Each structure stands twice: as C-alpha cells, then as structure tokens.
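Let me begin by presenting the structure, written as structure tokens, before commenting on it.
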Amino acid sequence: MANYHYDEGGSLAAYFLITILALVLTPMTLSSISKRPAKQHPRGCQCQPCLDQRARIAKREKGTILAFNLSKKTYFLIAGWTLFAFLCYKVSGAVVENKLYNPFEILGISPSLSEKDIKSHYKKLSKQFHPDKVKPSANETAEEISDRFVQLTKAYKSLTDETIRKNWELYGNPDGRQEMSMGIALPKWIVESHNNIWVLGIYGLIFGGALPALVGRWWFGSRQKTKDGVNAKSAAVFFKSLKEESMMEEVVGTLGKAYQFEMSDVGVKKVDVNIDRLESEIEKRAGVKWSEVRKIAKDVDGKLHVKRRRALVLLYAHLLRIDISDEKLQKEQAQILLQIPLLLNALLNVSISRNWLLPSLAIMRLNAYFAQALPPVEDERLRLTQLPFIQKADVETLGDAKNLTDVADILESKKDKRASVVRKALEKWGAIDIVDAAFKVIGERGVTPSSIVFLVLKLRISPPGKKVQRKELSVDETKRAIKYNEKQDDEFLLSKSEMEEFTNEETVATSAHAPYWPGERKPSWWVVLADDKLNRIVVPPFKVTDVPYANSDAEHERDYRSYKIQFQAPQNVGMFTWKVYLVSDTFVGEDVTRDIILKIEQPQAMESPDDEISDPEEDSLAGQMAAMRGGKVKKLADQGDDDDESSTDDDEEENESSDSDSD
C-alpha cells in the first residue's frame, strides 16, 4: 500500500520547478545568445550615406549604456534564471530524507571489514554515543542523541543478525517490507484547512479569470487581424477605397486611412505644434498634391481623423525629405514607415483579388518611393535624386543628364567630390536584367489547352555603367557550357522550388542603396504576368530576391538565376500576347518589361509531321553549328552508293530499251 505525503520541506516542489524552468529557459537562452554573424554588408551598397544610416540603425537597435533596448523575452529570461538560481540555492541546503539505507555508511566502516572488526567498531561507537554518556546541549537534544544510538544499533544488527540482514538485503530496510512512500511536489501549507479560502481564491482567479481572459484576448485579437497581419477595419477601408483606376495619390490617401486603426492612441494629440509646423512646410513644397491626398483620406463626413492626419504628415515629411528635430517624432515616423511594407502588401492583395493591373503596379512602385524618400510625381528626372548627396535643387545644375550614369560623368567632368560616392552607389545599383523569359511544359514541346505551364525567368543584376567582359570560349568549351546549362534548366524545371539553387552567394546583394529608409533593406522585385490591353493580371504576382550580379567569371557563363511560376494555360487555342513586368520595391524607375507570347495548340497539331523541323544537313552551315553544340544533323549518303545506284538505273533503262526494239 502506498503512503502519500506532501512536501513539508519544499524540496520536491523546488525540484519540480527547477526541471520546468530548465526545460523552458535553456532552449530560449541558446536561441538568444547563439552566435550570429555581425551585420556586415560587403555585398551591399558601400556609399557613405548608406554606411552612416546602417550605423544609426545599429545604434538604435543596440541602445546606449544607460538605456538598453531589452525585449520582453530578455526580461523573461533574466527573471527566469534568477528564480532558477534561487531554487538551486535553496535545494542545495536541503536535507535529503529519501535515500537508500546503508548500514556501512551509518557505522562509518568499509564493506570489506570482517564481522569481528564490525563488532569491535560497534563497541567503540556504543561507548562514545550511548545516551547515558552523551549529555544534551544547545546543538543536540536528548531525542536526537537517542535516535542516533538507535540508528547505530540497527545498522550493527543489519550486518550481524541473520534475520535483520536478510530483511535489509531483500527489502532495503532492516525492519522488512515497508509501505511505498510517494511524495507530492506541493508544500503542505497549500492543503492545510486554514489556507483553503486563499488557495481556492487563487485557483478561481487563475482558471476562472486569467485563463479565459487570455484565451478571449487571443481569440478576439486574431479576429481583429487579417491573414496579412493588418487590422480588419484597415482591410475593409482598402476594399472600399481602392478603385480600378487608382493611381499613386489615391493609394497614398488610402494608405493614410488605415493608420486610424493601426496607430496607438498613446501620445496622439488633437493639437500638436510640431505636426502643424510640418504640415505647413509640406503645403509649401507639395502644393496641390498634398490637398488631393488629404481629400482622399477624409471620412464620409468630410473630416480628417487626427491619427490619419498625423500619419500622413509624417509620411509626406519623409517623402519630401523634411528634417524632423524632435526625437520622439523621429521614432514615431520610423515606426510608421516600417509598417508601410505590411500595409502595402495587404493593399496589393486587395488589388490582385480583383485582377487589376494599374492599381497593383502603383502599389508596388510606391514601395520604392518610400524606400528612396521621393514624392510620387511624374517628373522623370527626379529619380536622379536617389543618388547620394543629390537633391532636387542639384538636378537643374546637371544639364542634360537623363540617367544615373550621366550624373556620374557630369560630376567627374566638373571634378566634383560627390562623383566618387555616386560611383560607389552605382556599383551595387539594382538594375535588373531579363536574360530569358519563356513558357515551358514538363515533357512537352508546346503548350496545350488547360495544361500546367511554367513561366521561367532568368535574371541578373547589371549595374549601370558596369561593363562585363565575357571571355571567348573555344568550340569544346561552348559545347560543354550549352550541355551544362541545358541540364541545369531541366533539373530546375523538374524541381519543386520556385528559385534555382545558387552556389555563389558572394555575387548576391545583401543590402540595397536606401540611405533614408529606417531599417535594413534587401532588394527584391515583383514579377507580374499581365494583359496590359485589358488592364488585367493573368497570374498573381510573386516576389523574387537574391538575384546575382553579372559576373564574367561565372562557371559556363551562368551568371544568372532562374525563377519560375506555375499556372494553368487557358482553355482556348490561339496566340496570347502578354507582358512580363519586373517591378523593384527599392529603386525608382528601374522597372523592366518584356513582351511574351503564349501559343496554345491542340496536341494533334503539335504531333503533325508538317510542323516538324527536319535536322540540318551535315555539310550545311546550320549543320556544322548544330554539330558543334552536340545536336543532331542529317547524314549525307556515300558517293559510291550513289554511283552504284545510278549505274544500276542506267542498266535497267538500257535493258528496257533493247526489249522494246526486239518487239
């Protein structure tokens, strides 16, 4: 029969808590202090403004000596390990009651002693510790003295008396079989009657109040957020406000409406002198554009909510590059800007769900305007101010500069110190290049109705002004390169990944040129397959990143990376003229488009021999080129066979003529 007892000393409860804390704190700590490589960006933009901005971001994230930026997780770990250390200290001084009975340890002798030596040792101990010879003192009571002598006697008999020794060997106790004793890791005071009301009260508070409140907060909080991570009311505003013909100003105004639900009420004032001052400066610089955005962001009643106005003012101050002196306002602006990608992504999903092309492109391009702190205006030359130390006023002094390389050339001709910094930025500029774009079907030469089609893109970054010198390949090297690239293309088409595996990560950009963006910025691009004549998106856009730079030293001249998107072909036979858009989320004006034709044929038409193209003849120029690439060519018949055949034909003709003469 088991005997249950509560943990009067608190040791079992402490061991239980130590175990739970170790299981929770150890993996959390390892994940927090795991060695991570320092945030260095040797493959990113190395211009001075970008380096300064990264230093400011690192300082803000790290904090200062007097004000550390500690997360909730860090506070939890500190409190958890403090409790862990306290419990370990408490347990280290606790007396262990439940341990195996060992008479040799009690008598203080070695198990190898003979029975005679054991008796001799016991006599010495009995004379020393007999209750009649030991007087009680402040450190030891009479009961403790008597109990110690009883333990010595029992240990002696366990080793000398046959019955008692047998009990010890069989049951681990000289008294024979004992009741099973099981400890409960709860302090005894929890179950004492005079504490019942407090224990029940705490129990009811935790399970009747705190737990339902926590579950309710999670449930209703998750219902308030969409799958895109924005407030459900913000998503509703996006659905109502976005139109098929919406352009940049409408998108910015719609974006401002969402901040009514995304911003916290803490620190928001109806009257703020700093916000008023910023708005007056924005009105001077933006003029009518600002009035249009304010009008779009107003409620149905014609009023502009205070949080919408505040967010729009801070956003436009960023776009117009207006300096903010107030430190709190700077932090608030940074928080609002860092929410932009999330909100624009939710807004983009609304546009994509309706297959609208123009609003989708406007939303995508707006990311780059915020990244480079440029107002979304129609002036093409304003994109030149993306370059370091080039402001709007400088554009007029650059003469006929139409592109970024022109700016660098003009500055160098004037021996301007900014020329070297501009060249630094252009070295890692995100100018995307489409090496190839094609539709492919696994195992088929063409595309049939309703088949599964892959749009395969081969992309690389070719910074403006950077010329890649391609080395000339021999015939054998060309054959090997063609064979290698075809094999890589086939393996990628059969793989499940949307992005080709890339071994040379050194040629991939890690940080883009974005000196005004308050966080790390990795360049990426949206790929859109659309029918621009109908203003419709054919396939939902997907985002690509880690595009390599053009590299003359690439193996087999494969300095690009392949990406693919899967979709189902239309059910109708015919020619579909579409367009592929590559829209940058970081660089303004670096979009690339390419016309692409999808030809859908019936399977019978593709198998028709009339449509097959015969292999080139061996002695033709096309045949020689195909042979160099390892392709098939048509072999010529031997000349001797031709002569034999011709002589045989002549003999037959002569025989026929002689037969006719005899007739």
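Miscellaneous remarks
- Flag for Lys225 being open to solvent by less than 80 Å² (accessible area, probe 1.4 Å), of a type in the set (D, E, K, R) and at pLDDT below 90: no
- Filter pass, Leu344 being open to solvent by less than 70 Å² (accessible area, probe 1.4 Å), more than 20 Å from Met263 (Cβ to Cβ) and either among the β-branched types (Val, Ile, Thr) or touching a residue at least 40 places away in the same chain (Cβ under 8 Å) (or both): no
- Flag if Ser112 is farther than 24 Å from Asp161 by Cβ and in a loop (DSSP other than H, G, I, E, B): no
- Looking only at the range 234-268, and only at residues there that are among the hydrophobic types (A, V, I, L, M, F, W, C) and more than 15 Å from Ala346 (Cα to Cα), the one that is nearest to the chain's Cα centre (by Cα): Met263
- Taking helices (runs of 4 or more DSSP H) as the structural unit, those lying wholly within the range 397-494 and holding at least 2 residues that are surrounded by fewer than 12 Cβ atoms within 10 Å (Cβ to Cβ) and modelled with pLDDT under 90 correspond to 475-494.
The values are calculated or read from the model by the stated rules, or taken from the named source; none is laboratory data. Because the structure is predicted, anything quoted here is derived from the model rather than measured. Virtual Cβ from ideal backbone geometry, glycine too; neighbours counted across all protein chains shown. Surface accessibility is based on the protein's heavy atoms, side chains included, excluding ligands, DNA and RNA. Shrake-Rupley method; radii C 1.70, N 1.55, O 1.52, S 1.80 Å.
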